[in-house]
Amino acid sequence: MIKVSVTSTTVRRMQGNSKTTGKPYDMAFQDVWMFLSDREGNPDPHPTKVEVSLPKDKDGAALFYAPGDYLLHPSSIYVDSKGRLSVAPRLAKAVAPAPKSSS
């Protein structure tokens, strides 16, 4: 699993009309820090800043991620309509391990 850290609730919005369809769009993005590895599987020494597209609620408002630790959800990786492997980051709150008993 890929560890993700959210440190800010700042959201960047992008609004306008599509040049091809003329339809309006409204997108929201948030910066997160991902702890990635190189092609050989060695962890990078520092996290990488990544901008993720935010999901929306039923009224169309962007749902930002609260500061904290997350994991990249398995549903983030899918096969697109052209048969290519694609990634659309979705985050799942990381669960802290249960404390061990001292017995």
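Residues in segment 52-68: is at least one at pLDDT 95 or above and on the phi > 0 side of the Ramachandran plot? Yes, some residue in segment 52-68 is at pLDDT 95 or above and on the phi > 0 side of the Ramachandran plot. Of everything listed in (1) at pLDDT below 95; (2) in contact with a Ser or Thr (Cβ under 9 Å, 6 or more places away or on another chain); (3) not aromatic (Phe, Trp, Tyr), the single unmet condition for residue 23 is (2).
Annotation note: Cβ proximity below 6 Å between a residue of segment 70-95 that is surrounded by 13 or more Cβ atoms within 10 Å (Cβ to Cβ) and outside any strand (DSSP E or B) and a residue that is at pLDDT 95 or above and charged (D, E, K, R) (sequence gap 6+ or interchain) occurs for 94/69.
Do we find that residue 31 is surrounded by 10 or more Cβ atoms within 10 Å (Cβ to Cβ) and free of Cβ contacts under 8 Å to residues at least 60 places away in the same chain in this structure? Taking the combined requirement at face value, the residue satisfies it.
The values are calculated or read from the model by the stated rules, or taken from the named source; none is laboratory data. Treat the numbers as computed from the prediction; the structure is a model and nothing was measured. No Cβ is skipped: glycine too gets one built from the backbone with ideal geometry, and neighbour counts run over all protein chains shown.
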